[in-house]
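Below: one structure, written as structure tokens.
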Amino acid sequence: MEQRHLGRTGLRVSRIGLGTLTWGRDTDEHDAADLLKTFWEAGGTLVDTADVYGDGEAEYLLGRLMDGLVPRRELVISTKAGSVPDPDRRFDGSRGHLLAALDASLTRLGTDYVDLWHVHAFDPETPLEETLQALDLAVSSGRVRYAGVSNFCGWQLAKAATWQLAAPGTRTRLASTQMEYSLLQRGIEREVLPAAIDLGIGLLPSSPLGRGVLTGKYRSGVPGDSRGASEHLAPFVEPYLDDTASRIVDAVSTAADGLAVTPLQVALAWVRDRPGVAAPIVGARNAQQLTAALSVEALSLPDEICRALDDVSAPVHRYPDHDWSTL
């Protein structure tokens, strides 16, 4: 699998990443082992997790598998901290919480460092410089090699990245941002993506298949074994089952038919090759699904297909995103 630099750093990652959102909950140890081995044998390196996935079970399971299945040195392990199970405060970006969460993640993963560590979301109740100092301390202590953020809007990302760049050699530059991005969700093109490209921050798209909808599996209803039929994931899928999404899925399917490939391959290739993207994070349920996703490595979409998909999925961006003098 092709390797790409993550933003303006020396870290190289596989251009498809493996997500572990369901590990330890819907994905058991046997399936997780098959997924990790399939991914590694295909040349994949970037494995993405978080301290809250499966209430910590995803990290614990990944750590167990690294112990005997795949060499730790051949993986780029990315995890996140900052989400908390407090209904009154969903995110805690305080220095104390983040550093304690990092130590707990390292214990569960069974390693003394992670390659990439993200702040899971912006915390409006903590000064941003305090949150970012946790990244600096984590890197300077050797527990983290590179740092980034997740789910920061445009101004939050730009402010954080600029703050870090203001003291080179003292503060660690942001390597990445992880955001939802797909043909069904192009909102980051408004401000986040331009900021990331300008500041040299690599984008790691989550849900690149539109929460599974872009595979076409929901075109004739909700399959009984799908996430859309799952009690705890159905609300996650439901927003992308509307008429607008249906038109985009139809266009993806038409393109797939014309290219003699699958809708999954078309949707994943589109987001993988967008400007600023380092590696979409794919969350397959089993090795068969993952193998189907990894087969996109040989596919590059023709320019006319990309333009057609861009047109049918184009978000509405008006003032001030477009030239105000023309509005």
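How about region 37-53: which of its residues are crowded, with 20+ Cβ neighbours inside 10 Å and under 13 Å from THR79 (Cβ atoms)?
LEU46, VAL47, ASP48, THR49, ALA50, ASP51, TYR53
Residues are listed down the side, and each one gets a yes or a no for (1) farther than 22 Å from GLU189 by Cβ; (2) touching a residue at least 24 places away in the same chain (Cβ under 8 Å); (3) among the aromatic types (Phe, Trp, Tyr):
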{"residue": "GLU238", "(1), (2), (3)": "yes, no, no"}
{"residue": "SER246", "(1), (2), (3)": "no, yes, no"}
{"residue": "ALA251", "(1), (2), (3)": "no, yes, no"}
{"residue": "GLY258", "(1), (2), (3)": "yes, yes, no"}
{"residue": "PRO263", "(1), (2), (3)": "no, yes, no"}
{"residue": "LEU268", "(1), (2), (3)": "no, yes, no"}
{"residue": "ARG272", "(1), (2), (3)": "no, yes, no"}
{"residue": "GLY276", "(1), (2), (3)": "no, yes, no"}
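Table: residues versus (1) open to solvent by 20 Å² or more (accessible area, probe 1.4 Å); (2) at positive phi; (3) without any contact (Cβ under 8 Å) to a residue 12 or more places away in the chain; (4) not small (Gly, Ala, Ser).
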| site | (1), (2), (3), (4) |
| --- | --- |
| HIS118 | no, no, no, yes |
| ASP136 | yes, no, no, yes |
| GLY154 | no, no, no, no |
| LEU165 | yes, no, no, yes |
| GLY187 | yes, no, no, no |
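When LEU183 is evaluated against the numbered criteria (1) crowded, with 22+ Cβ neighbours inside 10 Å; (2) within 24 Å of ASP92 (Cα to Cα); (3) in contact with a Phe, Trp or Tyr (Cβ under 9 Å, 6 or more places away or on another chain), which criterion, by number, is the only one it fails?
In the conditions (1) crowded, with 22+ Cβ neighbours inside 10 Å; (2) within 24 Å of ASP92 (Cα to Cα); (3) in contact with a Phe, Trp or Tyr (Cβ under 9 Å, 6 or more places away or on another chain), LEU183 misses (2) alone.
Quick grid of which residues meet (1) open to solvent by less than 60 Å² (accessible area, probe 1.4 Å); (2) farther than 21 Å from ALA278 by Cα; (3) at pLDDT below 95; (4) not in a loop (DSSP other than H, G, I, E, B):
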position: GLY210; (1), (2), (3), (4): yes, no, no, no
position: SER220; (1), (2), (3), (4): no, yes, yes, no
position: PRO223; (1), (2), (3), (4): yes, yes, yes, no
position: HIS232; (1), (2), (3), (4): no, yes, yes, no
position: GLU238; (1), (2), (3), (4): no, yes, yes, yes
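Counting only residues that are within 22 Å of TYR60 (Cα to Cα) and part of a loop (DSSP other than H, G, I, E, B), how many does region 80-91 have?
Residues in region 80-91 being within 22 Å of TYR60 (Cα to Cα) and part of a loop (DSSP other than H, G, I, E, B): 1 in total.
Can we say SER78 is farther than 22 Å from ILE16 by Cα and of a type in the set (S, T, N, Q)? Spell out the reasoning first.
On the way: farther than 22 Å from ILE16 by Cα: no; of a type in the set (S, T, N, Q): yes.
When the stated conditions are applied, SER78 does not pass them.
So is GLY54 assigned to a helix (DSSP H, G or I) and within 19 Å of the chain's Cα centre (by Cα) or not? So that I can check it myself, show each step before the final result.
Details: assigned to a helix (DSSP H, G or I): yes; within 19 Å of the chain's Cα centre (by Cα): yes.
So GLY54 passes the test.
Which members of region 156-198 meet the condition of being aromatic (Phe, Trp, Tyr) and part of a strand (DSSP E or B)? Can you show your working first?
Applying the first criterion (aromatic (Phe, Trp, Tyr)) to region 156-198 yields 163, 181.
If the condition is that a residue be aromatic (Phe, Trp, Tyr) and part of a strand (DSSP E or B), then no residue fits.
Count, please, the residues in region 138-152 that happen to be outside any helix (DSSP H, G or I), open to solvent by less than 50 Å² (accessible area, probe 1.4 Å) and touching a helix residue (DSSP H, G or I) at 6+ places or on another chain (Cβ under 8 Å). Break it down into steps so the answer makes sense when it comes.
Initial filter on region 138-152 (outside any helix (DSSP H, G or I)): 141-152.
Restricting the remaining residues to those that are open to solvent by less than 50 Å² (accessible area, probe 1.4 Å) gives 142, 144, 147-150, 152.
Within this subset, residues satisfying the condition of being touching a helix residue (DSSP H, G or I) at 6+ places or on another chain (Cβ under 8 Å) are 144, 147, 149, 152.
Number of matching residues: 4.
Restricting to region 65-74, and then to whatever is in contact with a helix residue (DSSP H, G or I) (Cβ under 7 Å, 6 or more places away or on another chain) and either part of a loop (DSSP other than H, G, I, E, B) or among the basic types (Lys, Arg) (or both), can you tell me which residue is farthest from THR27 (Cα to Cα)?
Step by step, filter region 65-74, then rank; the result is ARG72.
Between a first residue in region 1-25 that is of a type in the set (Phe, Trp, Tyr) and a second residue that is open to solvent by 60 Å² or more (accessible area, probe 1.4 Å), which pairs have beta carbons less than 7 Å apart while being 6 or more apart in sequence or on different chains?
Between residues of region 1-25 that are of a type in the set (Phe, Trp, Tyr) and residues that are open to solvent by 60 Å² or more (accessible area, probe 1.4 Å), the close pairs are TRP23/GLU57.
The values are calculated or read from the model by the stated rules, or taken from the named source; none is laboratory data. Note that this is a predicted model, so its numbers are computed, not measured. Cβ sites come from the backbone with ideal geometry, for glycine too, and all protein chains shown count toward neighbours. When the accessible area is computed, the model is the full protein with side chains, heavy atoms only, and any ligands, DNA or RNA have been set aside. Shrake-Rupley method; radii C 1.70, N 1.55, O 1.52, S 1.80 Å.
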